[in-house]
Amino acid sequence: MNDGVELAPAVQSILDSADDRPGGAERVSVDARSLDEAFAAADADGRVPVIAEVKPTSPTTEGERTEDPVALAEAMVRGGAAALSVLTEPTHFGGSVENLERVRAAVDVPVLRKDFLLRTEHLDVAESDVALLIARFLETDEADSLEAMHAAALERGFQPLVEVHTRAELERAVSVDAEYIGVNNRDLAELVVDLGTFEDLAPHAPDHVTLVAESGIGNPEDVRRMRDAGADALLVGSAIMADGDVEANTRELVSA
C-alpha cells in the first residue's frame, strides 16, 4: 500500500490502527451537500474557498484544542469557511465519529470525513458529504483499490476527495475519474512539508478537476501562493486550530 517506501513511524502507527478498526454493519446512503456549490458561493462572495479542519490534536503538531468540536466548527463557519473537515481517527488525532455527526448536524456547509479509509466497509461507519481517499494507501489490494473505493464512495452518495502526493498518484486519481483531487504538500514517508509539491503537480491535472491544496498552509501569503498555482480550494487545519481565535484565524485566510 505504500509503493515499498518506508513510512514515518507516526504514519505507520496510524495506518496499522486504521487497518484494525472495524467497518460499519450496514451500507450507508448519503444525501450530500454540494462541494461545488459551496466553493462557488465562497468565490462569489469574495472568499477563498477553505475547508477548515476540526483537528483536536495531531502527531505533527504540539498541544491540543479541548473546546467542544461543534463550537469550533461553528466559529469556522462564521469566519467564512466554505466547508469543514472533521477528524474521525481516535487514537492519534483525538477524533471521533460522534464529533463528525454532531458537527454535521450543527452546520449547513459540506463536511469532509478525514480518516484513513482502507476498506469499503470503512465508508459505512459514518455519513458525511465528502470522504477522503488517500491514493498512497489504496494501491495494491484489488478488492480495496483506489478504483474500487472511489466507486464504492460514489455509490453511497459521498463526494470522494482523492489525496495524492506524486505525479504517479495524480495519474491514478485521474484514471478513476476523480472529480476532486487533493494534493498533500506533506510527504507521508518523511512528514516533510513542501508547498512546491502542489506547484509541481497542479499543471498536470485536467482543467475539469477541482484541485484542493492540503498541508503547510499557514498564513495569507501561503494561501495566495497556492491560489496562484491553481488551487480551487484549500484544506487548512493547524493554522486555524493554532492558539487564538478560530473564527479570526479562519477569516484571515479566507480573506487573503
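A short reminder: the numbers here are calculations on the coordinates, not readings from a lab. Being a predicted model, the structure only gives us computed values, none of them experimental. Here the Cβ positions follow ideal geometry from the backbone for every residue, glycine too, while neighbour counts run over all protein chains shown.
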Can we say Val162 is in contact (Cβ under 8 Å) with a residue 40 or more places away in the chain and either within 17 Å of the chain's Cα centre (by Cα) or crowded, with 24+ Cβ neighbours inside 10 Å (or both)? no
Answer yes if at least one residue in region 146-153 is closer than 16 Å to Val86 by Cβ and either part of a loop (DSSP other than H, G, I, E, B) or more than 13 Å from the chain's Cα centre (by Cα) (or both), and no otherwise. no
Mind checking which residues of region 190-203 are touching a residue at least 24 places away in the same chain (Cβ under 8 Å) and within 18 Å of the chain's Cα centre (by Cα)? Leu191, Leu195, Thr197, Phe198, Leu201, Ala202
Restricting to region 1-33, what's the tally of residues that are more than 17 Å from Ser96 (Cα to Cα) and surrounded by 13 or more Cβ atoms within 10 Å (Cβ to Cβ)? 13
If Pro206 satisfies every condition in (1) without any contact (Cβ under 8 Å) to a residue 60 or more places away in the chain; (2) farther than 24 Å from Leu87 by Cα; (3) part of a helix (DSSP H, G or I) but one, which is the exception? (3)
Please pick out the residue among Gly182, Gly216 that is small (Gly, Ala, Ser), within 16 Å of the chain's Cα centre (by Cα) and outside any loop (DSSP other than H, G, I, E, B). Gly182
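May I ask you to list the residues in region 131-146 that are surrounded by 15 or more Cβ atoms within 10 Å (Cβ to Cβ) and touching a residue at least 12 places away in the same chain (Cβ under 8 Å)?
So the first thing to find is which residues in region 131-146 are surrounded by 15 or more Cβ atoms within 10 Å (Cβ to Cβ), and the list is 131-139, 144-146.
Of everything in region 131-146, those that are surrounded by 15 or more Cβ atoms within 10 Å (Cβ to Cβ) and touching a residue at least 12 places away in the same chain (Cβ under 8 Å) turn out to be Ala131, Leu132, Leu133, Ile134, Ala135, Arg136, Phe137, Leu138, Glu139, Asp144, Leu146.
Condition first: touching a residue at least 12 places away in the same chain (Cβ under 8 Å) and in a loop (DSSP other than H, G, I, E, B). Now tell me which residues in region 77-97 satisfy that. If you could, list the steps in order and put the result at the bottom.
Of region 77-97, the ones touching a residue at least 12 places away in the same chain (Cβ under 8 Å) are 77-89, 91-95, 97.
Passing the criteria: Gly79, Gly80, Ala81, Ala82, Thr88, Glu89, Gly94, Gly95.
Only one of these is in a strand (DSSP E or B), touching a Ser or Thr at 6+ places or on another chain (Cβ under 7 Å) and farther than 16 Å from Leu188 by Cα: Leu100, Leu112, Leu161. Name it.
Details: Leu100 fails: in a strand (DSSP E or B); Leu161 fails: touching a Ser or Thr at 6+ places or on another chain (Cβ under 7 Å).
Only one candidate passes the filter, namely Leu112.
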Residue list for region 41-55, filter: closer than 21 Å to Ala73 by Cβ, outside any strand (DSSP E or B) and among the hydrophobic types (A, V, I, L, M, F, W, C): Ala41, Ala42, Val48
